[in-house]
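Undergrad: Structure provided below as structure tokens; questions to follow.
Derivation of every value follows stated rules applied to the coordinates shown; laboratory data play no part. Just so we're clear, the structure is a prediction, and the values are computed from it rather than from any experiment. Heads up, the Cβs are rebuilt from the backbone with ideal geometry, glycines too, and the neighbour counts pull from every protein chain shown.
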Ligand code: M6R
């Protein structure tokens, strides 16, 4: 939930760290800090507020050392104050530490350390670990076999930690070294030419080097400007696997857009093309995936699917459920990952589990996956971030290939998940009862999705005008049915997370069982109204709202004739194949939320209280 970055090499560390923190700011943005080892001391600048506040503070410090660490925080333990910002320095002044995660047993540690004379300046869990490292370092001045005393103190301390961490540590006695480690919080090492950057994700690294090592849980890396070594908590040596980042820094830039969310909304046609590239069979009648590690015969044995995820990814699971059940006729269950991990759900032998997570680091989704695996189930994952923990631990999976998604509100990653859900439905359906010609038609429909999204995006100026008229309202309902019910949920989530307007998503017909009580002229409803079986039923729901003076924005597919007066504003999207409809219908709800948020002057890319990936419980 926080972003960490450390640099050791020949350049000035502070500017590289500050640039990295700006790139990682989407992970947490309530306070920021950095520490540079220079002039025989650990020089720390830290402030509550955004990285820009830290940049001003750092200017007062004349940082010129070439070893340093920095942190951008999403508070867990302790309020948003300068003192609680990271880095934390041990009370003997020897160690500085940054941390992403939660030290669950910190209070026992703290009590023990206070007993030993260590003092504390903050309310954080992190400071306890920092002092524990200092304690072990002081206690054991000599390390057997000529090992590093710094590294061993960190290793020893981490063995006492219950919880999660991605950390980077500086030691005053080792002026050009960093020790970093991870457990359930991501950590990537950038391997440069006599310089190394360790960070929570590759966006803080990619402008310096494309070569990276994705560290695994329980691994520690020891960096000097000349070399690095990776070992485990049990002191075993690890041979590093150096990967190449496949995107460039321009993919993580605004490139002329005002916000990442805006950029990522408009990137969706390209993102969808990248998601489906090379994933249709040669005969053009089904989907194919390289990394499932499950052959067709094994897949054919599955008679039930379980999907787990959080937030928008959970909405994508609901759409996948609808499409798999409709086209493949295989039962699907969808669970919140945070519930599944604790509810001891009965799963039968032929159930295949899927987890969906853009970041591949969401702690609840990771825990759900581990629980399913503990029960002996095979788990497949849909992830965007290459090398993420979920991607690595899953038995197989599919990458989304949409490039970095930086806006906290998920947009292009979500529609890419919808596309993959539709492709999985096709893959399973073709193994069962779907004919060759229906499969071929389905494939053609999916291939047409990027163009349909381009068409839907052309409504942006009209939606911007509509947004101006509705931005003042405090409550919204989003209503849809069948495959568009999850899109109603997604619309409500988008709106509330970035504009702070209270919004609820409901199946349109369910609205009369309670939410209709909210309807007044001040509570608008956004209806998703496709052509088809339930069109007339949805129109009836709209009439019920109109009868109670509720304003209505209708998102309709081309060719739908609404009765006069039933909607105040109408947004038209192209008519399309049912597998593509949820993708196309998502575009207007994203744009509506984006423009309403602009109108209200809220921070689109960094909404209050949120962070991009939730790596703590
Ligand atoms: O990285 P993940 O896909 O696992 O993230 C899951 C949710 O935290 C995420 O979708 C969240 O709900 C977004 N802010 C929605 O816009």
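Undergrad: What shape does the stretch 254-447 take by its C-alpha gyration tensor, where a ≥ b ≥ c are the square roots of the eigenvalues and a/c under 1.5 counts as rounded, a/b above b/c as prolate, and the rest as oblate?
TA: Working: a/c = 1.87, a/b = 1.09, b/c = 1.71.
In terms of gyration-tensor shape, oblate.
Undergrad: Please give, to one decimal in nm, the separation of the simple spin-label points placed at residue 140 and residue 239, each 7 Å out from Cα toward the Cβ.
TA: The two pseudo-label positions are separated by 2.8 nm.
Undergrad: Hey, what D do you get for the stretch 392-437 in µm²/s if you plug the Kirkwood alpha-carbon radius into Stokes-Einstein at 4 °C and 1.567 mPa s? Let's see the in-between values first.
TA: Working: Rh = 12.7 Å.
Translational diffusion coefficient: 102 µm²/s.
Undergrad: Taking the Cα of residue 258, stepping 7 Å toward and past its beta carbon, and measuring to each backbone N in the stretch 408-430: which are under 20 Å?
TA: Within reach of a label on residue 258, which here means backbone N under 20 Å from a point 7 Å along Cα→Cβ, the stretch 408-430 contributes 408-412.
Undergrad: Sorting 77, 61, 322 on the 10 Å Cβ count, fewest up front, what's the list?
TA: Numbers: 77 17, 61 14, 322 23.
Ascending number of Cβ neighbours within 10 Å: 61, 77, 322.
Undergrad: Which residues in the stretch 498-517 place their backbone N less than 17 Å from a point set 7 Å from the Cα of residue 536 along the Cα-to-Cβ direction?
TA: Only 509 pass the distance filter.
Undergrad: From Cα pairs below 8 angstrom and at least 6 apart in sequence, can you work out the relative contact order of the chain, rounded to a whole percent?
TA: 12 percent
Undergrad: Rounded to the nearest 0.05, what FRET efficiency is calculated for residue 438 and residue 373 with R0 set to 41 Å and r the Cβ-Cβ distance? Each step should come with its number before you reach the end.
TA: Numbers: r = 35 Å, r/R0 = 0.85.
In this case the efficiency is close to 0.75.
Undergrad: Cα centroid distance between the stretch 167-218 and the stretch 344-379, in Å?
TA: Taking the Cα centre of the stretch 344-379 as reference, the centre of the stretch 167-218 is 29 Å away.
Undergrad: So if each residue of separation counts as 0.36 nm, and I subtract the Cα-Cα distance between residue 329 and residue 15, what length gain in nm does that give? Walk me through the numbers before you get to the answer.
TA: Details: separation 314, 0.36 × 314 = 113.04 nm, distance 5.59 nm.
Length gained between residue 329 and residue 15: 107.5 nm.
Undergrad: May I ask you to compute the full-extension gain from residue 104 to residue 608, defined as 0.36 nm times their residue separation minus their alpha-carbon distance, rounded to one decimal in nm?
TA: 179.0 nm
Undergrad: With viscosity set to 0.890 mPa s at 25 °C, what whole-number translational diffusion coefficient in µm²/s follows for the stretch 437-562 from Stokes-Einstein and a Kirkwood radius over Cα pairs?
TA: Working: Rh = 15.6 Å.
Estimated diffusion coefficient is 158 µm²/s.
Undergrad: Regarding the stretch 3-251, what whole-number volume in Å³ per residue does the convex hull of its Cα atoms give? Each step should come with its number before you reach the end.
TA: Working: hull volume 27.7 nm³, N = 249.
Taking the convex hull of the Cα positions in the stretch 3-251, it is 111 Å³ per residue.
Undergrad: What FRET efficiency do you get for residue 229 and residue 344 if R0 is 56 Å and r is their Cβ-Cβ distance, rounded to the nearest 0.05?
TA: Values: r = 41 Å, r/R0 = 0.73.
FRET efficiency, residue 229 to residue 344: 0.85.
Undergrad: Got a sec? Which residues in the stretch 300-336 would a label at residue 392 touch, if it sits 7 Å along Cα→Cβ and we count backbone N under 19 Å?
TA: none
Undergrad: Could you rank the peptides 233-244, 351-362, 11-22, 89-100 by their average count of other C-beta atoms within 10 Å per residue, with the highest value first?
TA: On the way: 233-244: 11.6, 351-362: 27.4, 11-22: 22.1, 89-100: 24.1.
The peptides rank, most packed first, as 351-362, 89-100, 11-22, 233-244.
Undergrad: Something else now. What's the FRET efficiency of residue 293 with residue 521 using the Cβ-Cβ distance as r and R₀ = 56 Å, to the nearest 0.05? Walk me through the intermediate numbers first.
TA: Working: r = 56 Å, r/R0 = 0.99.
Calculated value: 0.50.
Undergrad: Expressed in whole Å with the largest first, what are the equivalent ellipsoid semi-axes of the chain derived from the C-alpha gyration tensor as the square root of 5 times each eigenvalue? Walk me through the numbers on the way to the answer.
TA: On the way: eigenvalues 416, 150, 90 Å².
Sorted largest first and rounded, they come to 46, 27, 21 Å.
Undergrad: Subtract the Cα-Cα distance of residue 41 and residue 547 from 0.36 nm times their separation in residues, and report this length gain in nm to one decimal. Can you show the working numbers first?
TA: Working: separation 506, 0.36 × 506 = 182.16 nm, distance 7.14 nm.
Here the segment from residue 41 to residue 547 would lengthen by 175.0 nm.
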